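What follows is a short report on a single structure.
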Amino acid sequence: MSRSPYSAPDSRGHFGMFGGKFIPETLIKNAADLEQEYRQAQNDPVFRETLGRLLRDYVGRPTPLYHAERLSRMAGGAAIYLKREDLCHTGAHKINNALGQVLLARRMGKQRVIAETGAGQHGVATATVCALFDMQCIVYMGEEDIRRQAPNVARMKLLGAEVRPVTSGSRTLKDATSEAIRDWMNNPEDTFYIIGSVVGMHPYPMIVRDFQAVIGKETRTQIMEHAGRLPDVITACVGGGSNAIGMFYEFLEDVPALELVGVEAAGEGLEGKHAASLTKGEPGILHGAMTRLLQTEDGQVLEAHSISAGLDYPGVGPEHCYLQETGLVSYTSANDREALDALKTLAETEGIICALESAHAVHYAVRRAATMTPDSILVVNLSGRGDKDMGTIIESFGL
Ligand SMILES: *Cc1c(COP(=O)(O)O)cnc(C)c1O
């Protein structure tokens, strides 16, 4: 029996009970204009050709799908393949989306771009595409993240962006996002908000997913070329969830013939401070969408914690909440220590220093591969490289 094709969100931006547009009156028009422009762009061959050309010549796509033989042998089981998003220009998958959105901004005639950033990867990607197209760029970043991610702050400045420190709340990604939304509300005419993950109000989760879906599309073609068949398991780390959905979206209709697994940050442990909103969160509204949230019993948003700033967010993309509920994707977690150890293992076996975010998925991949037969295939999305994390790595390993 075949399932009906996967189709989400609905016309109002709902993924089951999740998603939607929980926004003040003053943002309704912004969101509607953006959706209309996006739908036109999708059907415009010139837009698609321009994006495709830049993804190839500027970002460096397609990124390789690499058979990590030494890592596979060490794990002892399935063949592990790495989708090398770490080789994208600027060092992570974020640029796939930033490039798509800056092209939308240009179509809409907007000259001023704003963005939020956590680890700084989305800020760098946005500052990069703004330099490329000579646009004004303002990046909101929590003071705590500015401290943790100094090299990325310097990169943004060098690229000509203004980095605005956010001093409210936990001074991390959640607060930077709130500040960016406020700016967008106050400057609806000339400003385009480039959001960095599949979060926020409709149509953002859909737009960001579609721009990141290139990851899964390439992976399907590449694994068919390498192995002549689809993988058994595909895994990716989940912060807001953009690299994961970008990988999974292409394969949703292949479930249950293959298994999709998202890996959240368990931080110091699921009973302590963590960022596992799907595993431990409850439904609630954050940044304009119904999602799963880390919150107190009376609905106060809790501070998330992860050693990787890119996973340090108390909410998660609404589509992941829906995929969890429908059982199409399962979600697990890896803690700070496990991520650090996986990062070291990958460096020593393959000569690849990945981002701490990606290392959460690598941890799961190694553990899972060991339970699988040698003729099975596991693909892990290596969302970024570890240059930005060297400070944390040096501290943690006493290097
Ligand atoms: C930002 C980031 C993430 C987390 O964001 P998602 O939207 O969940 O993909 C993961 N890995 C890297 C390298 C990042 O920069």
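Taking the stretch 231-280, which residues are hydrophobic (A, V, I, L, M, F, W, C), without any contact (Cβ under 8 Å) to a residue 60 or more places away in the chain and either more than 21 Å from Phe211 (Cα to Cα) or in a strand (DSSP E or B) (or both)? Talk me through it step by step, then tell me what you get.
Our first condition is that a residue be hydrophobic (A, V, I, L, M, F, W, C); within the stretch 231-280, this holds for 233-234, 236-238, 244-245, 247-248, 251-252, 255, 257-258, 260-261, 263, 265-266, 270, 275-276, 278.
Cutting the leftovers down to without any contact (Cβ under 8 Å) to a residue 60 or more places away in the chain gives us 251, 257-258, 275-276, 278.
Answer for the stretch 231-280, where residues must be hydrophobic (A, V, I, L, M, F, W, C), without any contact (Cβ under 8 Å) to a residue 60 or more places away in the chain and either more than 21 Å from Phe211 (Cα to Cα) or in a strand (DSSP E or B) (or both): Ala257, Leu258, Ala275, Ala276, Leu278.
Would it be correct to say that Leu399 is surrounded by fewer than 24 Cβ atoms within 10 Å (Cβ to Cβ) and either within 16 Å of the ligand (Cβ to nearest atom) or free of Cβ contacts under 8 Å to residues at least 12 places away in the same chain (or both)?
Values: surrounded by fewer than 24 Cβ atoms within 10 Å (Cβ to Cβ): yes; either within 16 Å of the ligand (Cβ to nearest atom) or free of Cβ contacts under 8 Å to residues at least 12 places away in the same chain (or both): yes.
Judged against the criteria, Leu399 is a match.
Can you name every residue in the stretch 254-312 that is under 23 Å from Leu328 (Cα atoms) and at pLDDT below 95?
Selection gives Leu311 alone.
May I ask you to list the residues in the stretch 295-311 that are within 16 Å of the ligand (Cβ to nearest atom) and open to solvent by 10 Å² or more (accessible area, probe 1.4 Å)? Please lay out each step first, then the result.
Of the residues in the stretch 295-311, the ones within 16 Å of the ligand (Cβ to nearest atom) are 304-311.
Across the stretch 295-311, the qualifying residues are Ala304, His305, Ile307, Gly310.
If a residue must be among the hydrophobic types (A, V, I, L, M, F, W, C) and farther than 18 Å from Asp341 by Cβ, how many such residues does the stretch 379-399 contain?
Our first condition is that a residue be among the hydrophobic types (A, V, I, L, M, F, W, C); within the stretch 379-399, this holds for 379-380, 382, 390, 393-394, 397, 399.
Add one more test, that the residue is farther than 18 Å from Asp341 by Cβ, and what stays is 379.
Residues in the stretch 379-399 being among the hydrophobic types (A, V, I, L, M, F, W, C) and farther than 18 Å from Asp341 by Cβ: 1 in total.
Which ones in the stretch 155-183 are part of a helix (DSSP H, G or I) and open to solvent by 60 Å² or more (accessible area, probe 1.4 Å)? Walk me through how you get there before you give the answer.
Quick first cut of the stretch 155-183, residues part of a helix (DSSP H, G or I) only: 155-158, 173-183.
Result: Arg155, Lys157, Leu158, Arg182.
Search the stretch 54-92 for residues being under 24 Å from Gly228 (Cα atoms) and among the β-branched types (Val, Ile, Thr), and hand back the single one that is nearest to the ligand (Cβ to nearest atom).
Taking the candidates together, the pick is Thr63.
Restricting to helices (runs of 4 or more DSSP H) lying wholly in the stretch 284-399: which have 2 or more residues that are closer than 20 Å to Val238 by Cα?
Details: elements: 318-326, 336-350, 356-369, 390-397.
Once the helices (runs of 4 or more DSSP H) in the stretch 284-399 are filtered for at least 2 residues that are closer than 20 Å to Val238 by Cα, what remains is 318-326, 336-350, 356-369.
Tell me which residues, restricted to the stretch 242-288, are farther than 18 Å from Leu82 by Cα and small (Gly, Ala, Ser).
Ala257, Ala265, Ala266, Gly267, Gly269, Gly272, Ala275, Ala276, Ser277, Gly281, Gly284, Gly288
Only one of these is more than 13 Å from the chain's Cα centre (by Cα) and closer than 20 Å to Glu338 by Cβ: Gly262, Gly269, Gly239, Gly228. Name it.
Working: Gly262 fails: more than 13 Å from the chain's Cα centre (by Cα); Gly239 fails: more than 13 Å from the chain's Cα centre (by Cα); Gly228 fails: closer than 20 Å to Glu338 by Cβ.
Checking each option against the conditions leaves just Gly269.
Checking Arg147 against (1) surrounded by fewer than 24 Cβ atoms within 10 Å (Cβ to Cβ); (2) within 16 Å of the ligand (Cβ to nearest atom); (3) assigned to a helix (DSSP H, G or I), only one condition comes out false. Which one?
Evaluating Arg147 over (1) surrounded by fewer than 24 Cβ atoms within 10 Å (Cβ to Cβ); (2) within 16 Å of the ligand (Cβ to nearest atom); (3) assigned to a helix (DSSP H, G or I) leaves (2) as the failure.
Mind listing whichever residues of the stretch 263-282 are of a type outside the set (S, T, N, Q) and open to solvent by 50 Å² or more (accessible area, probe 1.4 Å)? I'd like the intermediate steps shown before the answer.
So in the stretch 263-282, the residues of a type outside the set (S, T, N, Q) come out as 263-276, 278, 280-282.
Result: Glu268, Leu270, Glu271, Lys273, Lys280, Glu282.
Of everything in the stretch 164-204, what is over 21 Å from the mean Cα position of the chain (by Cα), of a type in the set (A, V, I, L, M, F, W, C) and over 19 Å from Ile285 (Cβ atoms)? Give them in sequence order.
Within the stretch 164-204, just Val166 meets the criteria.
List the helices (runs of 4 or more DSSP H) that sit entirely inside the stretch 1-104 and contain at least 1 residues that are closer than 17 Å to Phe211 by Cα and without any contact (Cβ under 8 Å) to a residue 24 or more places away in the chain. Steps first, answer last, please.
Details: elements: 25-42, 45-54, 69-75.
Ranges flagged: 25-42, 45-54.
If a residue must be among the β-branched types (Val, Ile, Thr), over 12 Å from Gly315 (Cα atoms) and near the ligand (Cβ under 9 Å from one of its atoms), how many such residues does the stretch 236-280 contain?
Initial filter on the stretch 236-280 (among the β-branched types (Val, Ile, Thr)): 238, 245, 255, 261, 263, 279.
Filter once more, keeping what is over 12 Å from Gly315 (Cα atoms): 245, 255, 261, 263.
In the following step, the residues that additionally are near the ligand (Cβ under 9 Å from one of its atoms) were identified as 245.
Count: 1.
Show the residue pairs that are 6+ apart or on different chains and have beta-carbon atoms under 7 Å apart, the first residue being within the stretch 320-332 and open to solvent by 40 Å² or more (accessible area, probe 1.4 Å), the second being part of a loop (DSSP other than H, G, I, E, B).
Going by the 7 Å Cβ cut-off, the qualifying pairs are Tyr322/Ala8; Tyr322/Gly16; Glu325/Gly16.
Checking the conditions here, which among Gln111, Gln121, Gln101 is within 16 Å of the ligand (Cβ to nearest atom), open to solvent by 10 Å² or more (accessible area, probe 1.4 Å) and either under 28 Å from Asp145 (Cβ atoms) or modelled with pLDDT under 95 (or both)? Full working, then the answer.
Values: Gln111 fails: within 16 Å of the ligand (Cβ to nearest atom); Gln101 fails: open to solvent by 10 Å² or more (accessible area, probe 1.4 Å).
Unique residue meeting the criteria: Gln121.
The values are calculated or read from the model by the stated rules, or taken from the named source; none is laboratory data. A quick note: this is a predicted structure, and the numbers were derived from the prediction, not measured. No Cβ is skipped: glycine too gets one built from the backbone with ideal geometry, and neighbour counts run over all protein chains shown. Heads up: the accessible areas ignore ligands, DNA and RNA and are worked out on the full protein's heavy atoms, side chains in. Shrake-Rupley method; radii C 1.70, N 1.55, O 1.52, S 1.80 Å.
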